[in-house]
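Structure, as C-alpha coordinates:
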Amino acid sequence: MSAFTDGPARLRPRRSCLAVPGSNPRFLEKAQGLPADQVFLDLEDACAPLAKEGARHNIVDALNTGDWSGKTRVVRVNDWTTHWTYRDVITVVEGAGANLDCVMLPKVQDAGQIHTLDTLLTQIEKSMGYEVGRIGIEAQIENARGLVNVDAIAGASPRMETVVFGPADFMASLNMRSLVVGEQPPGYPADAYHYILMRILMAARTHDIQAVDGPYLQVRNVEGFREVARRAAALGFDGKWVLHPDQVEASNEIFSPFQEDYDHAELILDAYAYFTSEQGGGKGSAMLGDEMIDEASRKMALVIAGKGRAAGMRRTSAFEPPQT
Ligand code: GLV
Ligand code: MG
(Lines give C-alpha, C1' and ligand atoms only; values in the text may rest on other atoms or scores of the structure.)
(Ligands and ions follow the chains in the order given, each with its own letter.)
Protein backbone atom coordinates (compact mmCIF):
# COMPACT_ATOMS: atom_id res chain seq x y z
CA MET A 1 0.00 0.00 0.00
CA SER A 2 1.65 3.26 -1.01
CA ALA A 3 0.90 5.97 1.50
CA PHE A 4 2.01 9.43 0.33
CA THR A 5 5.71 9.69 0.97
CA ASP A 6 5.68 13.17 2.44
CA GLY A 7 2.93 14.67 4.58
CA PRO A 8 0.45 12.99 6.91
CA ALA A 9 1.05 9.24 7.11
CA ARG A 10 -2.58 8.31 6.70
CA LEU A 11 -3.07 9.91 3.27
CA ARG A 12 -3.56 6.88 1.05
CA PRO A 13 -4.63 6.95 -2.59
CA ARG A 14 -8.43 7.11 -2.68
CA ARG A 15 -9.27 8.36 -6.15
CA SER A 16 -11.82 5.57 -6.58
CA CYS A 17 -13.54 3.93 -3.60
CA LEU A 18 -15.44 0.87 -4.78
CA ALA A 19 -18.62 -0.22 -2.98
CA VAL A 20 -18.90 -4.01 -2.68
CA PRO A 21 -21.93 -5.64 -1.01
CA GLY A 22 -20.69 -8.00 1.71
CA SER A 23 -23.63 -10.33 1.10
CA ASN A 24 -22.50 -11.18 -2.44
CA PRO A 25 -19.47 -13.51 -2.69
CA ARG A 26 -19.35 -13.09 -6.48
CA PHE A 27 -18.91 -9.31 -6.14
CA LEU A 28 -16.36 -9.80 -3.34
CA GLU A 29 -14.35 -11.90 -5.78
CA LYS A 30 -14.79 -9.64 -8.79
CA ALA A 31 -13.82 -6.46 -6.90
CA GLN A 32 -10.30 -7.83 -6.39
CA GLY A 33 -9.63 -7.59 -10.14
CA LEU A 34 -10.76 -3.96 -10.58
CA PRO A 35 -8.22 -1.11 -10.49
CA ALA A 36 -9.91 0.80 -7.64
CA ASP A 37 -7.62 2.54 -5.12
CA GLN A 38 -9.92 1.49 -2.29
CA VAL A 39 -12.61 -1.12 -1.77
CA PHE A 40 -15.16 -0.95 0.97
CA LEU A 41 -16.94 -4.17 1.80
CA ASP A 42 -20.40 -3.17 2.89
CA LEU A 43 -22.45 -4.39 5.83
CA GLU A 44 -24.79 -1.39 5.78
CA ASP A 45 -27.28 -0.34 3.12
CA ALA A 46 -26.20 -2.82 0.43
CA CYS A 47 -26.95 -5.73 2.82
CA ALA A 48 -30.52 -6.69 3.71
CA PRO A 49 -31.13 -7.15 7.46
CA LEU A 50 -31.38 -10.93 7.19
CA ALA A 51 -28.16 -11.09 5.15
CA LYS A 52 -26.00 -9.12 7.60
CA GLU A 53 -24.88 -12.02 9.77
CA GLY A 54 -23.74 -14.09 6.76
CA ALA A 55 -22.14 -11.02 5.18
CA ARG A 56 -19.87 -10.51 8.22
CA HIS A 57 -18.40 -13.96 7.65
CA ASN A 58 -18.14 -13.51 3.85
CA ILE A 59 -16.17 -10.33 4.49
CA VAL A 60 -13.80 -11.96 6.99
CA ASP A 61 -13.12 -14.76 4.48
CA ALA A 62 -12.66 -12.37 1.57
CA LEU A 63 -10.22 -10.17 3.51
CA ASN A 64 -8.19 -13.13 4.75
CA THR A 65 -8.02 -15.18 1.57
CA GLY A 66 -8.50 -12.67 -1.28
CA ASP A 67 -5.82 -10.79 -3.19
CA TRP A 68 -6.35 -7.11 -2.38
CA SER A 69 -2.80 -6.01 -3.18
CA GLY A 70 -2.51 -2.36 -4.09
CA LYS A 71 -5.89 -1.52 -2.56
CA THR A 72 -6.92 0.14 0.69
CA ARG A 73 -9.21 -2.37 2.44
CA VAL A 74 -12.19 -0.90 4.28
CA VAL A 75 -15.34 -2.39 5.81
CA ARG A 76 -18.48 -0.29 6.25
CA VAL A 77 -20.30 -1.30 9.42
CA ASN A 78 -23.85 -0.27 10.40
CA ASP A 79 -24.38 3.02 12.21
CA TRP A 80 -24.64 3.32 16.00
CA THR A 81 -28.43 3.83 15.99
CA THR A 82 -28.87 0.18 14.93
CA HIS A 83 -28.22 -2.91 17.06
CA TRP A 84 -25.72 -4.34 14.54
CA THR A 85 -22.70 -2.08 14.92
CA TYR A 86 -20.82 -3.66 17.84
CA ARG A 87 -21.15 -7.17 16.41
CA ASP A 88 -20.11 -5.97 12.93
CA VAL A 89 -16.95 -4.44 14.37
CA ILE A 90 -16.08 -7.33 16.67
CA THR A 91 -16.63 -10.08 14.09
CA VAL A 92 -14.77 -8.31 11.30
CA VAL A 93 -11.86 -6.89 13.29
CA GLU A 94 -11.27 -9.99 15.41
CA GLY A 95 -11.58 -12.18 12.33
CA ALA A 96 -9.62 -10.13 9.80
CA GLY A 97 -8.09 -7.12 11.61
CA ALA A 98 -4.62 -7.91 10.29
CA ASN A 99 -5.96 -7.60 6.72
CA LEU A 100 -8.03 -4.48 7.21
CA ASP A 101 -6.98 -0.83 6.88
CA CYS A 102 -10.05 1.12 8.01
CA VAL A 103 -13.56 0.84 9.36
CA MET A 104 -16.12 3.14 7.76
CA LEU A 105 -18.85 4.43 10.07
CA PRO A 106 -22.00 5.69 8.31
CA LYS A 107 -24.46 8.40 9.41
CA VAL A 108 -22.03 9.88 11.93
CA GLN A 109 -23.76 12.58 13.94
CA ASP A 110 -21.22 13.71 16.52
CA ALA A 111 -17.67 13.16 17.74
CA GLY A 112 -18.89 10.84 20.52
CA GLN A 113 -19.78 8.21 17.90
CA ILE A 114 -16.18 8.25 16.67
CA HIS A 115 -14.84 8.04 20.24
CA THR A 116 -16.99 4.97 20.87
CA LEU A 117 -15.71 3.21 17.75
CA ASP A 118 -12.14 4.20 18.60
CA THR A 119 -12.46 2.67 22.08
CA LEU A 120 -13.94 -0.55 20.75
CA LEU A 121 -11.17 -0.85 18.14
CA THR A 122 -8.51 -0.27 20.79
CA GLN A 123 -9.94 -3.02 22.99
CA ILE A 124 -10.05 -5.49 20.11
CA GLU A 125 -6.51 -4.58 19.01
CA LYS A 126 -5.20 -5.09 22.54
CA SER A 127 -6.99 -8.37 23.13
CA MET A 128 -5.94 -9.74 19.73
CA GLY A 129 -2.34 -8.54 19.98
CA TYR A 130 -2.64 -6.21 16.95
CA GLU A 131 -0.75 -2.93 16.74
CA VAL A 132 -2.90 -0.43 18.65
CA GLY A 133 -4.16 2.44 16.50
CA ARG A 134 -3.25 0.99 13.10
CA ILE A 135 -6.82 0.60 11.89
CA GLY A 136 -8.19 3.92 10.67
CA ILE A 137 -11.71 5.36 10.66
CA GLU A 138 -13.69 6.86 7.78
CA ALA A 139 -16.73 8.94 8.79
CA GLN A 140 -19.70 9.38 6.48
CA ILE A 141 -21.59 12.65 6.82
CA GLU A 142 -25.16 11.88 5.82
CA ASN A 143 -27.47 14.22 7.68
CA ALA A 144 -27.81 17.79 8.88
CA ARG A 145 -26.61 17.01 12.39
CA GLY A 146 -23.46 15.31 11.11
CA LEU A 147 -22.65 18.31 8.93
CA VAL A 148 -23.17 20.78 11.77
CA ASN A 149 -20.71 18.73 13.87
CA VAL A 150 -18.28 17.87 11.09
CA ASP A 151 -15.29 19.79 12.50
CA ALA A 152 -15.40 17.90 15.78
CA ILE A 153 -16.00 14.62 13.92
CA ALA A 154 -12.99 15.13 11.64
CA GLY A 155 -10.76 15.80 14.65
CA ALA A 156 -12.29 13.21 16.99
CA SER A 157 -9.50 10.63 16.83
CA PRO A 158 -6.00 10.16 15.42
CA ARG A 159 -7.55 7.20 13.59
CA MET A 160 -9.61 9.53 11.38
CA GLU A 161 -8.52 9.22 7.73
CA THR A 162 -11.42 10.60 5.70
CA VAL A 163 -14.68 12.46 5.83
CA VAL A 164 -17.06 11.05 3.22
CA PHE A 165 -20.17 12.72 1.79
CA GLY A 166 -23.25 10.44 1.68
CA PRO A 167 -25.57 12.20 -0.78
CA ALA A 168 -28.45 9.69 -0.80
CA ASP A 169 -29.07 9.77 2.94
CA PHE A 170 -28.24 13.47 3.05
CA MET A 171 -30.85 14.34 0.41
CA ALA A 172 -33.41 12.41 2.45
CA SER A 173 -32.31 14.12 5.69
CA LEU A 174 -32.79 17.60 4.16
CA ASN A 175 -36.04 16.76 2.34
CA MET A 176 -34.31 17.78 -0.88
CA ARG A 177 -36.74 17.60 -3.79
CA SER A 178 -34.95 15.03 -5.88
CA LEU A 179 -34.58 11.28 -6.03
CA VAL A 180 -31.69 11.23 -8.49
CA VAL A 181 -28.67 10.75 -6.26
CA GLY A 182 -25.72 12.92 -7.17
CA GLU A 183 -27.64 15.11 -9.65
CA GLN A 184 -28.88 18.62 -8.95
CA PRO A 185 -32.47 18.92 -7.69
CA PRO A 186 -34.68 20.54 -10.36
CA GLY A 187 -35.72 24.15 -9.84
CA TYR A 188 -32.58 25.44 -8.10
CA PRO A 189 -30.36 27.63 -10.26
CA ALA A 190 -26.98 26.91 -8.62
CA ASP A 191 -25.05 23.93 -7.22
CA ALA A 192 -27.16 22.56 -4.35
CA TYR A 193 -24.20 20.58 -2.95
CA HIS A 194 -21.58 23.31 -2.93
CA TYR A 195 -22.02 24.31 0.69
CA ILE A 196 -22.08 20.71 1.91
CA LEU A 197 -18.98 19.71 -0.04
CA MET A 198 -17.03 22.81 1.02
CA ARG A 199 -18.02 22.31 4.64
CA ILE A 200 -16.74 18.72 4.53
CA LEU A 201 -13.56 19.74 2.73
CA MET A 202 -12.79 22.50 5.26
CA ALA A 203 -13.23 20.11 8.17
CA ALA A 204 -11.08 17.44 6.54
CA ARG A 205 -8.27 19.85 5.66
CA THR A 206 -8.38 21.46 9.10
CA HIS A 207 -7.36 18.08 10.48
CA ASP A 208 -5.05 17.04 7.61
CA ILE A 209 -7.28 14.20 6.50
CA GLN A 210 -8.94 13.34 3.20
CA ALA A 211 -12.31 14.28 1.75
CA VAL A 212 -14.19 11.82 -0.43
CA ASP A 213 -17.34 12.44 -2.49
CA GLY A 214 -20.15 9.86 -2.39
CA PRO A 215 -21.93 7.77 -5.01
CA TYR A 216 -23.53 8.64 -8.34
CA LEU A 217 -26.26 6.10 -8.82
CA GLN A 218 -26.97 6.44 -12.56
CA VAL A 219 -24.28 3.89 -13.37
CA ARG A 220 -24.96 3.83 -17.13
CA ASN A 221 -24.47 7.60 -17.39
CA VAL A 222 -20.68 7.79 -17.31
CA GLU A 223 -20.67 11.36 -18.65
CA GLY A 224 -22.96 12.38 -15.79
CA PHE A 225 -20.58 10.71 -13.33
CA ARG A 226 -17.61 12.51 -14.89
CA GLU A 227 -19.32 15.87 -14.63
CA VAL A 228 -20.08 15.44 -10.91
CA ALA A 229 -16.63 13.97 -10.19
CA ARG A 230 -14.91 16.86 -11.98
CA ARG A 231 -16.71 19.33 -9.75
CA ALA A 232 -15.56 17.59 -6.57
CA ALA A 233 -12.01 17.22 -7.92
CA ALA A 234 -11.90 20.93 -8.82
CA LEU A 235 -12.77 21.87 -5.23
CA GLY A 236 -9.93 19.68 -3.90
CA PHE A 237 -11.62 16.38 -3.01
CA ASP A 238 -9.34 13.34 -3.02
CA GLY A 239 -11.71 10.86 -4.65
CA LYS A 240 -15.21 9.55 -5.07
CA TRP A 241 -17.22 6.41 -4.52
CA VAL A 242 -17.65 4.16 -7.52
CA LEU A 243 -20.26 1.48 -8.13
CA HIS A 244 -19.31 0.14 -11.56
CA PRO A 245 -16.10 -0.65 -13.50
CA ASP A 246 -16.71 2.27 -15.90
CA GLN A 247 -16.84 4.64 -12.94
CA VAL A 248 -13.53 3.24 -11.59
CA GLU A 249 -11.62 4.23 -14.73
CA ALA A 250 -13.25 7.66 -14.89
CA SER A 251 -12.62 8.40 -11.22
CA ASN A 252 -8.96 7.36 -11.34
CA GLU A 253 -8.45 9.68 -14.28
CA ILE A 254 -10.37 12.64 -12.90
CA PHE A 255 -8.82 12.58 -9.40
CA SER A 256 -5.25 12.21 -10.69
CA PRO A 257 -3.35 15.45 -11.21
CA PHE A 258 -2.87 16.59 -14.83
CA GLN A 259 0.55 15.46 -16.17
CA GLU A 260 1.62 19.09 -16.63
CA ASP A 261 0.74 19.94 -13.01
CA TYR A 262 2.47 16.83 -11.71
CA ASP A 263 5.70 17.65 -13.61
CA HIS A 264 5.53 21.23 -12.42
CA ALA A 265 5.04 20.16 -8.79
CA GLU A 266 8.07 17.84 -8.89
CA LEU A 267 10.17 20.63 -10.43
CA ILE A 268 9.14 23.04 -7.68
CA LEU A 269 10.11 20.50 -5.01
CA ASP A 270 13.51 19.86 -6.58
CA ALA A 271 14.20 23.54 -7.20
CA TYR A 272 13.15 24.52 -3.69
CA ALA A 273 15.29 21.78 -2.16
CA TYR A 274 18.25 22.94 -4.23
CA PHE A 275 17.96 26.70 -3.58
CA THR A 276 17.40 26.30 0.15
CA SER A 277 20.43 24.00 0.47
CA GLU A 278 23.94 25.24 1.16
CA GLN A 279 25.00 24.34 -2.34
CA GLY A 280 22.15 26.42 -3.80
CA GLY A 281 22.89 29.45 -1.59
CA GLY A 282 20.57 28.72 1.35
CA LYS A 283 17.86 31.07 0.05
CA GLY A 284 14.29 31.36 1.41
CA SER A 285 12.78 31.95 -2.00
CA ALA A 286 14.07 31.42 -5.51
CA MET A 287 13.21 31.60 -9.19
CA LEU A 288 12.10 28.62 -11.23
CA GLY A 289 12.13 30.03 -14.76
CA ASP A 290 9.91 33.10 -14.48
CA GLU A 291 8.15 31.93 -11.36
CA MET A 292 9.05 32.85 -7.81
CA ILE A 293 8.81 29.93 -5.43
CA ASP A 294 8.90 29.82 -1.64
CA GLU A 295 7.74 27.66 1.25
CA ALA A 296 4.08 28.14 0.31
CA SER A 297 4.81 26.92 -3.24
CA ARG A 298 6.49 23.88 -1.73
CA LYS A 299 3.39 23.05 0.30
CA MET A 300 1.13 23.29 -2.74
CA ALA A 301 3.55 21.24 -4.78
CA LEU A 302 3.72 18.55 -2.10
CA VAL A 303 -0.01 17.90 -2.38
CA ILE A 304 0.03 17.49 -6.17
CA ALA A 305 3.28 15.51 -6.20
CA GLY A 306 1.93 13.26 -3.43
CA LYS A 307 -1.23 12.53 -5.41
CA GLY A 308 0.72 11.94 -8.62
CA ARG A 309 3.20 9.58 -6.95
CA ALA A 310 0.38 7.69 -5.26
CA ALA A 311 -1.28 7.33 -8.67
CA GLY A 312 1.97 5.89 -10.10
CA MET A 313 2.61 8.87 -12.43
CA ARG A 314 6.03 9.34 -14.01
CA ARG A 315 7.59 12.75 -14.45
CA THR A 316 8.52 13.84 -17.94
CA SER A 317 11.03 16.58 -17.05
CA ALA A 318 13.98 16.90 -14.68
CA PHE A 319 15.28 19.86 -12.65
CA GLU A 320 18.63 21.21 -13.79
CA PRO A 321 20.54 23.32 -11.26
CA PRO A 322 21.90 26.56 -12.78
CA GLN A 323 25.50 26.34 -14.10
CA THR A 324 27.91 28.32 -11.94
C1 GLV B 1 -24.16 6.77 0.84
O2 GLV B 1 -24.10 6.09 1.82
C3 GLV B 1 -25.23 7.68 0.62
O4 GLV B 1 -26.15 7.72 1.46
O5 GLV B 1 -25.19 8.41 -0.40
MG1 MG C 1 -25.82 6.34 3.11
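The values are calculated or read from the model by the stated rules, or taken from the named source; none is laboratory data. The structure displayed is predicted, hence computed values, not measured ones. Glycine also receives a Cβ, built like all others from the backbone with ideal geometry; neighbour counts cover every protein chain displayed. Just so you know, the surface numbers come from the protein's heavy atoms only, side chains and all, with ligands and any DNA or RNA stripped out. Shrake-Rupley method; radii C 1.70, N 1.55, O 1.52, S 1.80 Å.
Things worth noting here:
- Of all DSSP beta bridges confined to the chain, the antiparallel ones make up roughly 10%.
- DSSP H segments from the chain that extend 15 Å or more along their own axis, Cα-based, with Kyte-Doolittle mean of 0.5 or above: 194-206
- With all protein chains kept in place, the per residue accessible area of the chain amounts to 46 square angstrom at a probe of 1.4 angstrom.
- Flagged links, alpha-carbon separation over 20 Å, of LYS30/LYS307; LYS107/LYS240; LYS240/LYS307; LYS71/LYS107: LYS30/LYS307; LYS71/LYS107
- Taking trypsin sites (Lys or Arg not before Pro) as exposed when DSSP calls them loop and at most 12 other C-beta atoms lie within 10 angstrom, the chain has its longest site-free stretch at 1-176.
- Cα centroid separation - the range 87-163 against the range 12-80, whole Å: 16
- Taking the chain and dividing mean pair separation by its residue count, relative contact order in percent (alpha carbons under 8 Å, at least six apart): 15
- Base-10 log of normalised Debye intensity for the chain (one unit scatterer per alpha-carbon) at q = 0.08, 0.14 Å⁻¹: -0.39, -1.09
- Computed from the C-beta positions of GLN32 and ALA234 and an R0 of 41 Å, the FRET efficiency is 0.85 to the nearest 0.05.
- Of the residues GLU131, GLU295, GLU138, ranked by 1.4 Å probe accessible area with the largest first, the sequence reads GLU131, GLU295, GLU138.
- Proximal charge balance of ALA286 [Cβ under 13 Å; K/R count +1, D/E count -1]: -3
- Förster radius 35 Å - calculated FRET efficiency between VAL132 and HIS57 (Cβ-Cβ, nearest 0.05): 0.85
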